């Protein structure tokens, strides 16, 4: 197999990821994140359709002071999309497909994906961040809440894994 | 703040440039995630079936790399660790973070992604990744909709910025070294687990040697960095070492009153007494900040222009370390709140006929302050002296006039 098409050694990839995170801390005084930007995109879209509804919601109205998309995390997300696409393309992995376990129907796989996404969207707002913003960023800064979150993610994942094993076998 | 990093100019003044940096750093983030294999749901989900521990290995090597880097940067004085933690880390809310974590883990195994990796998957063309990210957007909106029902739970177990080393009461770098060695031990455990649970033929035999070599390189590297970083404990310029518990310079009750009334923008007054005492009576314009809540305030972030004056019950032994991290001048009201009471809340003693102009002026100020604060009828004016026209006096403390 061509060298560039293999996945990186996990430890080497981890150290590289850690250096990106460290640069983000030191240069910008910020962490990396993903779900925050998703929330902002959602609110922007909802505000375009139902502005009064958003303005009346205690959780969302704060984001409407100024453009919700004018934010570090949204621009960072743009970069993630670009970086992911370039990395996939240069490794010959840029391909339209549905990744699923053998014998799992496409419809089933996509329903699970949407459902899991919805659950994660809610969970990330509840926890003030997801695996990137809490576990990675807060984990590296040794925040108590982030470590609680991180251990809970693994607990939740392992707890449910047995029941959905058919999806991935 | 003496620390050179992060570049606050990049955040505040050169905002556009800062957003370009955001795209660049995001690019690196996405690129590394993809190359680690995190754009593929099957590889991520395998973590939860113990077949492939890549998620664990990547995540924890990233965490200890960034952690050690940050701690070393703080140790050599490049960055103020407490200030950085304030700006980077979200406050801790134990219960919603615990439940949110459990739910997110469940969503992870259902969808095969976490929010960040679903984006990388979407970028590499995986439709399951695209719909997952769509689900994340919808989910966060749903949370906003049901938020009124969860408002209390949303802030349950609030601890402010709460860091493990503060909780455990040990120097950050020592905890950093401990975390590093625990992680390395767990990596070795993860390798064993993979060997046990891996399916036949899954391990690419051709590159086994190379994998082992880079693994050993990273392990030795990280433990070396962790050990060497302990040296920073001995460096003199750590922020903690730079803040000796010293006595604060004082300001008299009269000087404080003058500034609060005449130039309120030059002082920032914190009342360090209990909330009850402060709630009953306090210096006008002062803010109730019980000592225990001082750490939550982000003192190093307050604008340093006004002098910070603290009012205590007269029992403050030495300056709390948190106060010394204020970037401006910190003063203590001499005599504590009792001195304020004696000066401003008691009727000023009457002046004799021989009082000088300065004394008259001081008396007038004090009488007006007393009247304004207590609602008592104004004290009788001082005996008039020839050639002195009384000026109208501002009565109330407060407001930029």
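The values are calculated or read from the model by the stated rules, or taken from the named source; none is laboratory data. This one's a predicted model, so the numbers in the text were calculated from it and none came from an experiment. With ideal geometry, Cβ positions are generated from the backbone for all residues, glycine too; neighbour counts draw on all protein chains shown.
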**Asked** For the range B:103-119, does any single residue satisfy the condition of being within 7 Å of another protein chain (Cβ to nearest Cβ), in contact with a strand residue (DSSP E or B) (Cβ under 7 Å, 6 or more places away or on another chain) and surrounded by 24 or more Cβ atoms within 10 Å (Cβ to Cβ)?
**Response** no
**Message:** Considering only the range A:109-117, I want to know if a residue exists there that is facing chain B (nearest Cβ under 7 Å), at pLDDT 95 or above and within 30 Å of residue B:162 (Cα to Cα).
**Reply:** yes
**Request:** Identify, from the list A:42, A:33, A:14, the residue that is under 30 Å from residue B:82 (Cα atoms), out of contact with any strand residue (DSSP E or B) (no Cβ under 6 Å at 6 or more places or on another chain) and not in a loop (DSSP other than H, G, I, E, B).
**Result:** A:14
**Item:** Neighbours by Cβ (under 9 Å, 6+ apart or cross-chain): first from the range B:186-212, in the same structural domain as residue B:54 (by TED's automatic domain parsing) and in a loop (DSSP other than H, G, I, E, B); second at pLDDT below 85 and exposed (fewer than 13 other Cβ atoms within 10 Å of the Cβ)
**Value:** B:204/A:1
**Prompt:** Does any residue of the range B:46-68 turn out to be over 21 Å from the mean Cα position of the chain (by Cα), farther than 24 Å from residue B:219 by Cβ and part of a helix (DSSP H, G or I)?
**Reply:** yes
**Request:** For the range B:71-79, state whether one or more residues are within 30 Å of the chain's Cα centre (by Cα), without any contact (Cβ under 8 Å) to a residue 40 or more places away in the chain, within 30 Å of residue B:329 (Cα to Cα) and crowded, with 23+ Cβ neighbours inside 10 Å.
**Result:** no
**Residue ranges of helices (runs of 4 or more DSSP H) in the range B:251-366 with at least 3 members assigned by TED's automatic domain parsing to the domain that holds residue B:86 and in contact (Cβ under 8 Å) with a residue 40 or more places away in the chain** = none
**Request:** Can you confirm whether the range B:148-169 contains a residue that is assigned to a helix (DSSP H, G or I) and surrounded by 23 or more Cβ atoms within 10 Å (Cβ to Cβ)?
**Result:** no
**Asked** Given A:149, A:112, A:154, which one is touching a residue at least 40 places away in the same chain (Cβ under 8 Å), crowded, with 18+ Cβ neighbours inside 10 Å and in contact with a helix residue (DSSP H, G or I) (Cβ under 7 Å, 6 or more places away or on another chain)?
**Response** A:112
**Request:** Considering each residue of the range B:130-147, count those that are surrounded by 19 or more Cβ atoms within 10 Å (Cβ to Cβ) and within 7 Å of chain A (Cβ to nearest Cβ), and give that number.
**Result:** 12
**Prompt:** Which is within 7 Å of chain A (Cβ to nearest Cβ), over 24 Å from residue B:51 (Cβ atoms), touching a helix residue (DSSP H, G or I) at 6+ places or on another chain (Cβ under 8 Å) and buried (at least 20 other Cβ atoms within 10 Å of the Cβ), of B:124, B:90?
**Reply:** B:90
**Asked** Given the conditions (1) under 23 Å from residue B:110 (Cβ atoms); (2) surrounded by fewer than 22 Cβ atoms within 10 Å (Cβ to Cβ), and given that residue A:63 satisfies all but one, which numbered condition is not satisfied?
**Response** (1)
**Message:** Quick test of your reading of the structure: residue A:104 fulfils all but one of (1) outside any loop (DSSP other than H, G, I, E, B); (2) outside the structural domain of residue A:7 (by TED's automatic domain parsing). Name the failing condition by number.
**Reply:** (1)
**Asked** Among the residues of the range B:41-53, which ones are within 7 Å of chain A (Cβ to nearest Cβ) and surrounded by 24 or more Cβ atoms within 10 Å (Cβ to Cβ)?
**Response** B:41, B:45, B:48
**Prompt:** In the range A:87-96, is there at least one residue being assigned by TED's automatic domain parsing to the domain that holds residue A:163, at positive phi and surrounded by fewer than 24 Cβ atoms within 10 Å (Cβ to Cβ)?
**Reply:** no
**Request:** Mind listing just one residue for me: the one in the range B:7-36 that is crowded, with 22+ Cβ neighbours inside 10 Å and at pLDDT below 95 and, of those, farthest from the chain's Cα centre (by Cα)?
**Result:** B:21
**Complete:** Sole miss for residue A:92 among (1) facing another protein chain (nearest Cβ under 7 Å); (2) farther than 28 Å from residue B:142 by Cα; (3) touching a residue at least 12 places away in the same chain (Cβ under 8 Å); (4) over 20 Å from the mean Cα position of the chain (by Cα) is condition (1)
**Prompt:** On the given criteria, is residue B:98 farther than 24 Å from residue A:74 by Cα and modelled with pLDDT of 90 or more?
**Reply:** yes
**Prompt:** Got at least one residue in the range B:191-202 being closer than 15 Å to residue B:55 by Cα, touching a helix residue (DSSP H, G or I) at 6+ places or on another chain (Cβ under 7 Å) and at pLDDT 90 or above?
**Reply:** no
**Prompt:** Does residue A:45 fit the bill of being assigned by TED's automatic domain parsing to the domain that holds residue A:76 and buried (at least 23 other Cβ atoms within 10 Å of the Cβ)?
**Reply:** no
**Message:** Which condition from (1) facing chain B (nearest Cβ under 9 Å); (2) out of contact with any strand residue (DSSP E or B) (no Cβ under 7 Å at 6 or more places or on another chain) is the one that residue A:55 breaks?
**Reply:** (1)
**Request:** Tell me, yes or no, whether the range B:71-91 has at least one residue that is assigned to a helix (DSSP H, G or I) and farther than 27 Å from residue B:177 by Cα.
**Result:** no
